[in-house]
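J.: Starting off with a structure, shown below.
The values are calculated or read from the model by the stated rules, or taken from the named source; none is laboratory data. Owing to the predicted nature of the structure, the values given are computational and were not obtained by experimental measurement. Because the Cβ atoms are built from the backbone with ideal geometry, glycine has one as well, and the counts that use them run over all protein chains shown.
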Amino acid sequence: MDMAGENDSSSVLAQLATARYAPEASADTVSLATPARTDEPMTVVTSVAEARIAVDTAAASAQRMISIYTPDLEPEIYDQSSFLEIIKRFVLSRSFSKVRVLLVDPARVMRDSNRFIAMGRRLSSYIDIRYVADHAPQRASAYLIADDRAIVYRLRADTWDGIADFNNPPVARLYLTEFDAVWNASAPERALRVARRS
């Protein structure tokens with residue numbers, strides 16, 4: 001690997017980890033009408049509404065794979081009709097598409113009814129959900145990566161503050177590498193597949 005590229009990615013991540021975000025001006029709000037905002041490298045997210053739009057925009061840009069790291073499939077984002085419609089179109093329009101979800105704490109998902117889980121049961125060839133294994137490294141963050149290019153990242157899953165970057169392959173690949181390591185260390189979770197079937 002190119003060490004210069006690695007250092008660049010590390011410095012970007014260090015800046016993200018220590019950044020204090022100010023609210024973005026309303027004129028710069030991301031919209032689904034402009035999914036590929038390459039003129040601005042990064043968009044600040046400060047509310048659930050902005051997080052929803054950013055996640056929908058990133059997911060809508062995916063061509064092959066969507067990877068989601070979340071504490072509990074946050075229903076404010078992932079159990080919304082707009083997101084579910086994007087996922088349905090994504091998996092049904094491409095035979096090779098895949099959605100991977102890593103759940104840190106699935107207790108809420110098991111307790112509550114979640115339409116994403118129901119969709120995952122119906123489309124289990126395309127949507128794969130795993131618990132993060134106890135021995136795997138766990139983070140307090142939450143993120144969605146579309147292919148190896150777009151990322152919506154929140155440093156802490158208990159707040160909506162974060163960033164969205166729809167065209168940043170170095171950072172997206174760095175987090176995708178981390179996601180893959182945790183994914184491979186975590187066994188497929190069958191409990192979510194059979195929950196609420198009876």
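J.: Yes or no: residue 100 charged (D, E, K, R) and at pLDDT 95 or above? Explain how you work it out, then say what you get.
T.: Working: charged (D, E, K, R): yes; at pLDDT 95 or above: yes.
So residue 100 fits the description; yes.
J.: Of everything in the stretch 132-147, what is of a type outside the set (A, V, I, L, M, F, W, C) and touching a residue at least 60 places away in the same chain (Cβ under 8 Å)? Give them in sequence order.
T.: 139, 141, 143, 147
So that you can scan it fast, the table gives a plain yes or no per residue for (1) out of contact with any helix residue (DSSP H, G or I) (no Cβ under 9 Å at 6 or more places or on another chain); (2) surrounded by fewer than 19 Cβ atoms within 10 Å (Cβ to Cβ); (3) among the hydroxyl-bearing types (Ser, Thr, Tyr):
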site: 77; (1), (2), (3): no, no, no
site: 83; (1), (2), (3): no, no, no
site: 88; (1), (2), (3): no, yes, no
site: 99; (1), (2), (3): no, no, no
site: 117; (1), (2), (3): no, no, no
site: 124; (1), (2), (3): no, yes, yes
site: 127; (1), (2), (3): no, no, no
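J.: Just to confirm my filter: which helices (runs of 4 or more DSSP H) fall fully inside the stretch 48-142 and include at least 3 residues that are within 23 Å of residue 164 (Cβ to Cβ) and out of contact with any Ser or Thr (no Cβ under 6 Å at 6 or more places or on another chain)?
T.: 48-61, 75-78, 81-93
J.: So which residues in the stretch 148-166 are under 27 Å from residue 93 (Cα atoms), of a type outside the set (Ser, Thr, Tyr) and either without any contact (Cβ under 8 Å) to a residue 24 or more places away in the chain or in a strand (DSSP E or B) (or both)? Can you show your working first?
T.: Residues of the stretch 148-166 that are under 27 Å from residue 93 (Cα atoms), as a first pass: 148-153, 164-166.
Filter again for of a type outside the set (Ser, Thr, Tyr), leaving 148-152, 164-166.
If the condition is that a residue be under 27 Å from residue 93 (Cα atoms), of a type outside the set (Ser, Thr, Tyr) and either without any contact (Cβ under 8 Å) to a residue 24 or more places away in the chain or in a strand (DSSP E or B) (or both), then 150, 151, 152, 164, 165 are the ones that fit.
J.: I'd like to check something: does the stretch 140-153 contain any residue that is modelled with pLDDT under 95 and over 30 Å from residue 46 (Cβ atoms)?
T.: no
J.: Here is a follow-up. Pick from the stretch 55-72 the residues that are hydrophobic (A, V, I, L, M, F, W, C) and over 10 Å from the mean Cα position of the chain (by Cα): which of them is nearest to residue 104 (Cα to Cα)?
T.: Step one: of the stretch 55-72, the residues hydrophobic (A, V, I, L, M, F, W, C) are 55, 58-60, 62, 65-66, 68.
If we keep only those that are over 10 Å from the mean Cα position of the chain (by Cα) too, we end up with 60, 62, 65.
Values: 60: 24, 62: 23, 65: 20 Å.
Here the residue is 65.
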